Amino acid sequence: MTDTGASAARLARGVAASIALVGALAATGAATPAAAAAGPAVRGELLPIPAVAPGEQHAVSAVDVSPLGVVAGTARVTRIGPDGTIESLVETPYRWARLPRAGWQRQRLALPAGATSGSVSGLTDLGEPAGKVTLDGVTRAARWSLDGRHATLIGEARSEAGAVGPRGTWGVATAGPEVISGQAELVSRAGVRTPLSGTPELDAGYRRYVVSIGASGTALVSVFTGVGQGTTAKPVLWHDGATVQLPVFGTAYLGPACVSRVQADGSVVASGYSLTAGVPRYIVMRHVGGVPGTDVVLSQATQGQPVGGLICTYGQTVNNLAADGGVAGFLTDAGGNRTAAYWNAANQVTTVSLADGERAASGVAAARGGRMVILAETGDGGNRMTLWRNGTRTPLPAPAGWNVRSVVELTDAGLLIANVQDAAGTIRPAAWNLG
């Protein structure tokens with residue numbers, strides 16, 4: 001089963017366990033099934049990656065793409081010993097851009113003197129990368145110059161930059177000496193540091209991690225409590241010292257709370273478990289207006305009603321919210337059938353019927369103009385990716401010999417970036433030009 005399929009299966013099992021506890025509640029909007037016509041296929045193009053030596057295993061994953069089409073990611077090279085054990089793992093930060101008449105070009109980002117490895121977590125709108133580097137065996141948060149030739153350390157030992165603002169504010173998390181401790185702060189381009197603490201929502205946990213920063217300065221922070229299987233992550237929005245906690249949470253056992261990146265107006269969408277008067281329910285919700293803002297429930301797990309959600313991996317934001325308010329996700333009916341769903345800015349939902357050969361599908365990315373990327377599981381165990389818009393599904397086949405592993409983002413300009421995998425297990429980024 002694919003990563004997406006496994007996540008959805010875990011989510012469905014968890015939701016089924018809680019539905020019996022939830023009474024009849026009003027849902028927002030009625031699902032409208034939509035048959036989809038087929039458009040001409042657009043095949044993906046592999047981005048260039050560095051070569052590896054014999055005995056090395058390669059995994060190159062893209063993590064972000066800027067509005068200008070600059071892509072950032074990390075190459076992880078694992079050296080396998082004669083006995084099959086891992087001898088070493090080295091991470092190298094990269095950036096890609098498509099140049100006129102030259103195609104996609106890659107750039108290896110420079111590391112500070114003495115650094116042995118580095119990885120990227122995000123980009124500014126201009127394409128400036130940020131992430132972490134390893135010095136003397138310890139990670140340090142770092143950001144790179146616009147030309148990628150210089151790295152500036154912006155964090156202490158055991159730190160990393162997990163979020164990048166559109167104009168250059170960085171979210172830095174620093175782990176404490178114990179596993180269950182740590183702090184987070186915002187770092188400006190001028191080096192001014194703003195600790196993310198001092199409110200009941202932020203101080204409720206032992207560790208905080210910045211996962212997204214919007215254009216208005218609104219930050220999305222994951223606040224952690226509990227240990228082991230009892231670890232709980234709660235998303236909190238911060239703006240100018242004020243905070244509001246979103247009404248969802250994720251756990252190691254039940255799965256993550258999926259939250260989108262923060263939009264310019266402070267809006268986000270999220271899915272996850274929620275407690276109302278001690279009763280659990282699974283919801284998809286839209287938060288508008290930043291801090292404090294307003295919550296709107298788009299779907300909730302109720303007896304005999306569709307279960308909705310977003311697809312994500314633990315601790316990562318998703319690109320399911322478009323700047324014009326469109327939301328990409330899924331609905332699962334009482335029979336367990338999962339189909340892609342699209343909510344417009346007015347919170348009206350449209351479901352997209354499964355095509356021939358598909359057994360389940362989810363909307364995994366959204367862009368302006370009612371565009372949604374659908375990733376479907378096929379009967380042969382593979383993935384099928386399409387672009388849905390105005391009732392038409394455009395096939396987006398992966399490069400020959402590759403299968404879509406995860407979708408990174410669909411930009412408003414129509415650039416789709418995804419990570420693909422071949423039969424040997426090699427991972428590399430690919431691009432689809434849908435402009």
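Bear in mind that the values in this text are calculations on the coordinates, not laboratory data. Quantities reported herein were computed from a predicted structural model and do not represent experimental measurements. Here Cβ is always computed from backbone atoms with ideal geometry, including for glycine, and neighbour counts include all displayed protein chains.
Using 7 Å Cα-to-Cβ label points, what is the THR276/ALA204 separation (nm, one decimal)?
So the two model labels end up 1.8 nm from each other.
For LEU68 and ARG368, compute 0.36 nm times the residue count separating them, minus their Cα-Cα distance, and round to one decimal in nm.
The span from LEU68 to ARG368 would gain 106.5 nm if fully extended.
In whole Å, what three semi-axes, largest first, describe the equivalent ellipsoid of the range 218-294 built from its Cα gyration tensor (square root of 5 times each eigenvalue)?
Each semi-axis is the square root of five times an eigenvalue, giving 21, 14, 11 Å.
Round to the nearest 0.05 the FRET efficiency obtained for ARG359 and ALA190 when R0 = 60 Å and r is the Cβ-Cβ distance.
Efficiency for this residue pair is about 0.70.
Normalized C-alpha radius of gyration of the range 288-435, against 2.2 N^0.38 Å?
Compared with the compact-globule rule of thumb, the range 288-435 sits at 1.05.
Based solely on its DSSP helices, what 222 nm [θ] is calculated for the chain when runs of n ≥ 4 H residues each add -39,500 (n - 2.57) and the sum is averaged over all residues, nearest 500 deg cm²/dmol?
Taken over the chain, the calculation gives -1500 deg cm²/dmol.
Explain nothing, just the number: relative contact order of the chain, from Cα pairs under 8 Å at least 6 residues apart, as a whole percent.
15
Please list, by residue number, every one of the trypsin sites (Lys or Arg not before Pro) in the range 375-411 that is coil in DSSP and has at most 11 other beta-carbon atoms within 10 Å.
Counting only loop positions with at most 11 other Cβ atoms within 10 Å, none of the trypsin sites (Lys or Arg not before Pro) in the range 375-411 qualifies.
Out of the range 220-267, which chymotrypsin sites (Phe, Trp or Tyr not before Pro) are coil in DSSP terms and have no more than 15 other C-beta atoms within 10 Å?
Passing sites in the range 220-267 are TYR253.
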